[in-house]
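Enquirer: Could you have a look at this structure, given as structure tokens, before my questions?
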Amino acid sequence: MRNNLAINILRWIIAVPAGLMLWFSANFSIGRAFGIIHGFELVDSFWEAPDMDGMPIIGTYIMFVTRTIAAASLVGVTIYIVPRYHKQVAIVVASLVSAAAVVILLFQVMSADLNVDLGGWYRNILEMLSIIFGAIFGAWLAYGNQKRRARA
């Protein structure tokens, strides 16, 4: 039953959408938690602004925590659900999420006006680095969990 190709394909089909759903639900729930703590108007104005919206310290940790946990959730659940080769899957999924973070950065810079100020660059680079860190952290945690589970 371990080498059943249909089951392995089904697990891959489930893993990617489950990871994406966890990404969006983590972004939403963490954003709401920050809204309760700091006020919904303040957090909503931060997410709508192209720069840090005058909140460099609060905005930095909101962005870092939200994007890191969301990326770690996406990568971790994908690695956890796939059937085998967890080390290779961890490397590939973390690399794909990191490459997507760089593409998101390029897209945001290209779609913005040509005069992106320092706050806009800071926000975009912080978002990219937070996603990359979260992907690496999620891959490390999920692979370590799978390795311990396989030994038991």
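The values are calculated or read from the model by the stated rules, or taken from the named source; none is laboratory data. For clarity, every value in this text was computed on a predicted model and none was experimentally measured. Note that each Cβ is placed from the backbone with ideal geometry, even for glycine, and that neighbours are counted across all protein chains shown.
Enquirer: Within region 105-140, restricting attention to residues that are under 20 Å from L20 (Cβ atoms) and modelled with pLDDT under 90, which residue is surrounded by the fewest Cβ atoms within 10 Å (Cβ to Cβ)?
Expert: Quick first cut of region 105-140, residues under 20 Å from L20 (Cβ atoms) only: 105, 107-108, 127-128, 130-139.
Cutting the leftovers down to modelled with pLDDT under 90 gives us 105, 107-108.
On the way: L105: 17, F107: 11, Q108: 16.
Here the residue is F107.
Enquirer: Here is a follow-up. Pick from region 1-32 the residues that are among the β-branched types (V, I, T) and in contact (Cβ under 8 Å) with a residue 60 or more places away in the chain: which of them is farthest from Y80 (Cα to Cα)? So that I can check it myself, show each step before the final result.
Expert: Taking region 1-32 as the starting set, the residues that turn out to be among the β-branched types (V, I, T) are 7, 9, 13-14, 16, 30.
Next, from what is left, pick out any that are in contact (Cβ under 8 Å) with a residue 60 or more places away in the chain: 7, 14, 16.
Working: I7: 15, I14: 11, V16: 11 Å.
Among them, the one singled out is I7.
Enquirer: Within region 40-61, which residues are assigned to a helix (DSSP H, G or I), surrounded by 15 or more Cβ atoms within 10 Å (Cβ to Cβ) and not polar (S, T, N, Q)? Spell out the reasoning first.
Expert: At the first step, the residues of region 40-61 found to be assigned to a helix (DSSP H, G or I) are 40-48, 56-61.
With the extra rule that they be surrounded by 15 or more Cβ atoms within 10 Å (Cβ to Cβ), the set shrinks to 42-43, 46-47, 58-60.
Once the filter is applied, which keeps residues that are assigned to a helix (DSSP H, G or I), surrounded by 15 or more Cβ atoms within 10 Å (Cβ to Cβ) and not polar (S, T, N, Q), region 40-61 yields L42, V43, F46, W47, I58, G59.
Enquirer: Give just the number: which of (1) touching a helix residue (DSSP H, G or I) at 6+ places or on another chain (Cβ under 8 Å); (2) farther than 16 Å from L141 by Cβ; (3) surrounded by 14 or more Cβ atoms within 10 Å (Cβ to Cβ) does V102 not satisfy?
Expert: (3)
Enquirer: Restricting attention to region 68-75, does a residue exist that is without any contact (Cβ under 8 Å) to a residue 40 or more places away in the chain and either assigned to a loop (DSSP other than H, G, I, E, B) or of a type outside the set (K, R) (or both)?
Expert: Step one: list which residues in region 68-75 are without any contact (Cβ under 8 Å) to a residue 40 or more places away in the chain, which gives none.
Checked against the condition, which is being without any contact (Cβ under 8 Å) to a residue 40 or more places away in the chain and either assigned to a loop (DSSP other than H, G, I, E, B) or of a type outside the set (K, R) (or both), region 68-75 yields no hits at all.
Enquirer: Any idea which of I37, I7, I79 is surrounded by 14 or more Cβ atoms within 10 Å (Cβ to Cβ) and either among the basic types (K, R) or assigned to a helix (DSSP H, G or I) (or both)? Before the answer, list the steps.
Expert: Working: I37 fails: surrounded by 14 or more Cβ atoms within 10 Å (Cβ to Cβ); I7 fails: surrounded by 14 or more Cβ atoms within 10 Å (Cβ to Cβ).
Being surrounded by 14 or more Cβ atoms within 10 Å (Cβ to Cβ) and either among the basic types (K, R) or assigned to a helix (DSSP H, G or I) (or both) holds for just one of I37, I7, I79, which is I79.
Enquirer: Can you name every residue in region 23-42 that is closer than 21 Å to G134 by Cβ, over 19 Å from the mean Cα position of the chain (by Cα) and of a type in the set (V, I, T)?
Expert: Selection gives I37 alone.
Enquirer: Confirm whether A94 is crowded, with 21+ Cβ neighbours inside 10 Å, within 22 Å of M21 (Cβ to Cβ) and at pLDDT 90 or above. Steps first, please.
Expert: Values: crowded, with 21+ Cβ neighbours inside 10 Å: yes; within 22 Å of M21 (Cβ to Cβ): yes; at pLDDT 90 or above: yes.
So A94 passes the test.
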